[in-house]
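First the structure, in the form of structure tokens, and then the observations on it.
The values are calculated or read from the model by the stated rules, or taken from the named source; none is laboratory data. Everything numeric here is computed off the predicted structure, so don't read it as measured data. Don't worry about glycine lacking a Cβ; one is built from the backbone with ideal geometry, like all the others, and counts go over all protein chains shown. The accessibility values were calculated without ligands, DNA or RNA, using every heavy atom of the protein model including side chains. Shrake-Rupley method; radii C 1.70, N 1.55, O 1.52, S 1.80 Å.
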Amino acid sequence: MPSAFSCLGPQRLLAGTLVDFARGAGLELDPAVLDGAACFVARRAEQLIGVLALRRGPQAEASMVWLGVAPEACRQGVARDLLRIGCAWWARQGGTVLVAGAPCRDEVLAALGFAAVQDGRRIRRVD
């Protein structure tokens, strides 16, 4: 991995730890969205700099329920690498599709490989 951080996961993290990360990064996170989610984290020097949470959906579909990157780590590939690790994990679970359920701007989702579909959802194939 060319980046100066490591992505780890899936991990069960205390919701409080993730809420603290989100608050410190100026992001909003309702801990209820993490129930039943697999969380992937990016760290730099033992500091959380990014979190991706995926939840299993129907059939071979999973939802991206939360994606957050610390402002000082933005535009350094953190979200892209978290998503790459999350997609690889989901493919190993037999999944084929990731749905963008997290509130992200369309241009961010497009840059991360999500495409629009007819029902208005953004999806990314992982197979």
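A few remarks follow.
- Stretchable slack from Glu72 to Glu46, in nm (0.36 nm times residue separation minus alpha-carbon distance): 7.9 nm
- Carbon and sulfur %, accessible surface of the chain computed with the full protein complex present, 1.4 Å: 50 percent
- Among Gly16, Gly86, Gly101, the residue with the largest mean-square fluctuation in a Gaussian network model of the chain, with springs joining Cα atoms closer than 10 Å, is Gly16.
- Solvent-accessible area per residue, Å², over region 57-127 with all protein chains present [probe radius 1.4 Å]: 54 Å²
- Inter-site label distance for Glu107 and Arg121 at 7 Å from Cα along Cβ, in nm: 2.6 nm
- Of the residues Glu72, Glu61, Glu28, the one with the largest accessible area comes first in the ranking Glu28, Glu72, Glu61, computed with a 1.4 Å probe on protein heavy atoms.
- Projected over every direction and averaged, the convex hull enclosing the alpha-carbon atoms of the chain yields 7.5 nm².
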